[in-house]
1. What share of all Cα pairs of segment 173-277, in percent, falls into each consecutive 5 Å distance bin?
2. Applying a 10 Å radius around every beta-carbon, put 159-166, 209-216 in order of their mean neighbour count, most first.
3. Pull out the extension gain between F129 and E223, defined as 0.36 nm times the separation in residues minus the alpha carbon to alpha carbon distance; nm, one decimal.
4. Kindly write out, for segment 46-61 in residue order, the coupling ³J(HN,Hα) from the Karplus curve 6.51 cos²θ - 1.76 cosθ + 1.60 (θ = phi - 60°), rounded to whole Hz, with x marking Gly and Pro.
5. Starting from 0.36 nm per residue, how many nanometres of slack lie between T179 and A266 once their C-alpha separation is accounted for?
6. Against the empirical 2.2 N^0.38 Å scaling, what ratio does the C-alpha Rg of segment 84-234 come to?
7. Using the Kirkwood formula over every pair of different C-alpha atoms, what hydrodynamic radius in Å results for segment 109-179?
8. Show me the ranking of peptides 84-90, 107-113, 53-59 by mean Cβ neighbours inside 10 Å, starting with the highest.
Amino acid sequence: MRAATSVLTPRAMLIPMAVVGGLLGCLLILGLTGTASGVIDAGIQLDLSVIAFFNQLARRSWTVDTLVWSVWTNAVLQGGIAMALVWAAWFSKSEAVTDQHRREMLLSSLVGMYVCLLSTLVLRGLLPFRARPAVDPAVTFHAPFLPSGVHLPEATSFPSGHAAILFSLAIGLWLVSRTLGTVVALHGFFVVCLPRVYFGRHYATDILAGAVLAIATVLVVNELLRRGSLVQRLRVWSETRPGAFYSLFFLCSLDIATDFALVKTALKLIAALQLVGGVHIPRIVISVVAETAPA
């Protein structure tokens, strides 16, 4: 299988890193100059404007609302597509780069994705609680038609975990194939993120924060791992013990594609210990368990 591949060298990685660094630098300057409140006000205005736009579209058609709901709650159409493209990049052939370099870049990006996921959970546990738009009394939200029995998640909405994961995969793929990376980014934005705004699961700034966090984290992790031997050892393991490696790779891919169903099941069992044995469970773990509902 051949994919349109354009692999970035470590120097070329400075392009997206410079973009993220510029955004963070601007925020720092605004904070030091006392204009951070203006940025916050602009973010609030963006959130309200986006919600007002989607409010005009909601409940116009039961068929459309149901179709959108079916798409963004279908694991195959969500993370499944992104992970299928990761496998496509893994087995693709290109004269521009060796298989070893491409696979090491994909492995380091997947490690970066897990680091981004952990960072997202830590931020959710540390930052002030932010209610979902659909249940925030300060927001005028016009809910679309929902299937019966649907319950809104109680976890905080900032930053968006789904945006963090999808854009982590997108930037990871973009580092080895700009075509595949762009496809996943567009898919993540239109198919994964926008429906969550439409159904009041997230604000626009939740999505933006998750995307920026993903890009920054994956790029930094890639740069750090490039100096070590971890990804090289993982790649060698895939060649010397393909049975064990691809079994684990498949389970990880399945878990990501199904919104970390395996991890959430394990966390539910851990949380059950709190009820049975009085074991203290960190707030971060509780927030993950609460994310089991589509969010």
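1. 2, 9, 10, 15, 20, 18, 12, 8, 4, 1, 0
2. The most tightly packed comes first, giving 159-166, 209-216.
3. Answer, rounded to one decimal: 30.6 nm.
4. 4, 4, 5, 5, 5, 4, 4, 5, 6, 4, 6, 9, 5, 6, 7, 8
5. Here the segment from T179 to A266 would lengthen by 27.8 nm.
6. Normalised by 2.2 N^0.38 Å, the Cα Rg of segment 84-234 equals 1.18.
7. When all Cα pairs of segment 109-179 are included, the Kirkwood radius is 14.4 Å.
8. Averaged packing, sorted descending, gives the order 107-113, 84-90, 53-59.
Laboratory data are not the source of any read-out in this text; all were calculated from the coordinates shown. Please read these numbers as outputs of a predicted model, since none were measured by experiment. Every residue, glycine among them, receives a Cβ derived from its backbone with ideal geometry; neighbour counts consider all protein chains shown.
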